[in-house]
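In what follows, a structure is listed as structure tokens, so that the remarks can point back to it.
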Amino acid sequence: MNDSDCVRPELATWAARNLPARLDVTATAKLLGFAEHDIQILMGVGKLEPLGDPAPNAPKWFAAVEMIRLAADREWLSKATKEVSKYWRHKREHRSGRRVVR
């Protein structure tokens, strides 16, 4: 059996959910369980990569099958959640003018 004889789980899930091949930021955030503004953070730390080479102010698109794979990856979700938490913690600390030593 070769790769074309079997359907990858991501493709089966994609087909079953009737998702388009490309997802915008809103759909990506919903599928991954993050807030829309967290998608920018995840791109900034290299946890998400948009399709193509969009300009900084251009709309971002993501491959649905890749987002389904990431949504099923507990380790990736844990690391991504930690990155988002770290970003907001640092932002709160900076705004309050104090640093927490860890």
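Taken together, the values in this text are just the output of simple stated rules run on the coordinates, not laboratory data. Given the structure is predicted, the values throughout are model-derived calculations rather than measurements. Cβ placement follows ideal geometry from the backbone for every residue including glycine, while neighbour counts extend to all protein chains displayed.
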Notebook entry, point to check: What is the set of long-range amide H partners of Leu51 at a cut-off below 5 Å, with H atoms built 1.01 Å from backbone N?
Noted result: Trp61, Phe62, Ala63
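On full extension of the chain, what length is gained from Gln40 through Ala72, given 0.36 nm per residue of separation minus the C-alpha to C-alpha distance?
Details: separation 32, 0.36 × 32 = 11.52 nm, distance 2.04 nm.
Taking Gln40 through Ala72 to full extension adds about 9.5 nm, to one decimal.
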Margin query: Apply the Karplus curve 6.51 cos²θ - 1.76 cosθ + 1.60, θ = phi - 60°, to the phi angles in region 38-54 and return the couplings in whole Hz, x for Gly and Pro.
Written below: 6, 4, 4, 4, 5, 5, x, 9, x, 7, 10, 10, x, 6, x, 9, x
Next item on the list: Classify region 8-89 as rounded, prolate or oblate, taking a ≥ b ≥ c as the square roots of the eigenvalues of its Cα gyration tensor: rounded when a/c is under 1.5, otherwise prolate if a/b is larger than b/c and oblate if not.
Entry: oblate
Margin query: Rounded, prolate or oblate for region 43-102? Axes are the square roots of the Cα gyration tensor eigenvalues, ordered a ≥ b ≥ c, and the cut-off for rounded is a/c under 1.5.
Written below: oblate
Check: Which of Val65, Thr81, Gly97 sits farthest toward the positive end of the charge dipole of region 42-102, with +1 on the Cβ of Lys and Arg and -1 on the Cβ of Asp and Glu?
Finding: Gly97
Next item on the list: In debye, nearest 20, what is the charge dipole magnitude of region 53-102 about its Cα centre with +1 on Lys and Arg Cβ and -1 on Asp and Glu Cβ, if you could check?
Entry: 580
